[in-house]
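Readers should treat all values here as calculations from the given coordinates under stated rules, not as data from a laboratory. Given the structure is predicted, the values throughout are model-derived calculations rather than measurements. Note that each Cβ is placed from the backbone with ideal geometry, even for glycine, and that neighbours are counted across all protein chains shown.
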Amino acid sequence: MRRVAIVSAGESRFAVLEHSAEPGRTFDEILKWNTYGPLFRPLAVLVHQGVNWLVGLDRAADTAPDGGAVSPPLIVANALARALHASGRFEEIRALVREPVGEARRDIDAIARVTVPEWGLMRVRAGDPALVSAFADVRAQMAVPGTGVIVWDTSQDVTGPERLPLQSFKDRRFTRQQLVDLLERAGQRLASELLYAKGVEP
């Protein structure tokens, strides 16, 4: 496989994942003193998840990068293409925003599809203040055109190295840079994994 097309695809959801213990802990305290507590526990779990989901939506709206200008799959795909090209092990690497068709499809040996279903910020350490880091759920799959045979398939949860208070991410330009850096690193990781999987030294 000397000629590879890398396609960015799919929708991406920006999220702020807190994994907070509240209000679940409070519900547990109340229910353990109630005779009917065990009956209401499943409802308490649903309410706990619903409250955290709503809080996450609100925080995502406060911290999301400006204007939706960031396309996570495209950033990862471009970084993957650059890293594979730099390896010198391929005749041609093309990063595309849509599936190749016709003659363009016949001229390639493999198509790598990159998706980022979810990305954003997640709590990595409890405390006051709790610390968060950028994260991305990154997936890639390489197939042979015509046959559809999958020759490489991977899924990675990538987390940024910096641990900062959520308040730091109120500056949307700062948030954007943190996330773009993470997504580019994710593309480089995918390239390293692909080169290793194919027995190619980077």
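Observations on the model:
- Surrounding net charge for Gln156, when Lys and Arg each add one and Asp and Glu each subtract one, Cβ distance under 9 Å: -1
- Gained length - Glu103 relative to Glu91, 0.36 nm times residue gap less alpha-carbon distance: 2.6 nm
- Residues whose placed amide H lies under 5 Å from that of Val16, excluding near-sequence neighbours: Ala60, Leu121
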